[in-house]
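Take a look at the structure set out below.
Each reported figure results from applying straightforward, stated rules to the coordinates on display, with no laboratory input. Just so you know, these numbers come straight off a predicted model, no measurement behind them. Methodologically, a virtual Cβ is constructed for each residue, glycine included, from the backbone with ideal geometry; neighbour enumeration extends over all protein chains shown.
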Amino acid sequence: MHFALDQTWHQRLTVAAAAALTLAVVAGPEIATGIGALPRATPHDDPRAELTDLGRRALDGLPFAYQLDRDVVVPAETDPTVSWLTPVPRERIEGFAIPLGVRGLAPYGYLGSSDLTPGWAREIDQDDRVLSDVGPLSFACTRWPGEDECSAALLIEHGEDYFYLRSGLGSETFLDEGAPMEVFVFDALDGPHRAQLVLGGLDGTLTERVVLTMETGAEVVAWTSSDVAVADETIWWALVPRPVLTATAYGPDGAVLDEQQVG
């Protein structure tokens, strides 16, 4: 009895499906969609379609890799293909390293490759849009062996050690007395989104405020640190979602100490 009922319903469903298919063919895609047909899959429905072949291979084959818009991000902290060779000795850091509260991004392979890197991964280039999440960034002034003065550097942390992401930031006169403010922009992460770390510095400790003006006219007030990483100098930084046009440093009386074009 139950078999006969199931068979009857099966026949009715078959007839209904055939009728719906016929209606869809005759009436066109508008009617088909209206009766619950699934939309056609297009390349834009699959975010992986935006990736190159090596990008997809990195997404599938590198530990904890994930897709971020058209990029693939690989956390360097857990990536066995990264070579962590030469930490920055603490005695080479002048003053204190300033934690910036930002995670940096760098092209995959920028940190150096270990013997565990597969051959295909060594072929990844900038067109594949594979990036390393290099971890927390810090600013410091580091002194090279034999040098009397330190130079500005952007450091990353791995374990209990610091490593260079960028050393020798700025010109030879950066932070010298009377030298103009200098500004640098780096790729970074703001939670699940890409962002820009805007970092700068200027001579002296009179800077009360640094204001970044965006393309839209919106303003962002940067964090500032004086007399910490570099004696008698001011370092400032901000994490922004879009390009910055200008950076303006103000003194305690509201006077403009310096202004620089960024974008």
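Some notes on this structure:
- Value of relative contact order over region 188-263, rounded to a whole percent, pairs C-alpha under 8 Å and six or more apart: 33 percent
- Tensor-based shape of region 102-240 (alpha-carbon gyration tensor, a/c under 1.5 rounded, otherwise prolate or oblate): oblate
- Relative contact order, percent, region 124-209 [alpha-carbon distance under 8 Å, six or more residues apart]: 17 percent
- Radius 12 Å from Cβ of Pro75, net charge of other residues (Lys, Arg +1; Asp, Glu -1): -2
- Region 123-194 and region 75-92: distance between their alpha carbon centers, rounded to Å: 14 Å
- Relative packing of peptides 136-143, 197-204 - highest average C-beta neighbours within 10 Å first: 197-204, 136-143
- Farthest positive-ward along region 49-108 dipole, Cα basis, beta-carbon charges - from Leu54, Ala106, Tyr66: Ala106
- log₁₀ of I(q)/I(0) at q = 0.21, 0.25, 0.26, 0.33 Å⁻¹ - region 188-234, Debye sum with one point per alpha carbon: -0.82, -0.96, -0.99, -1.18
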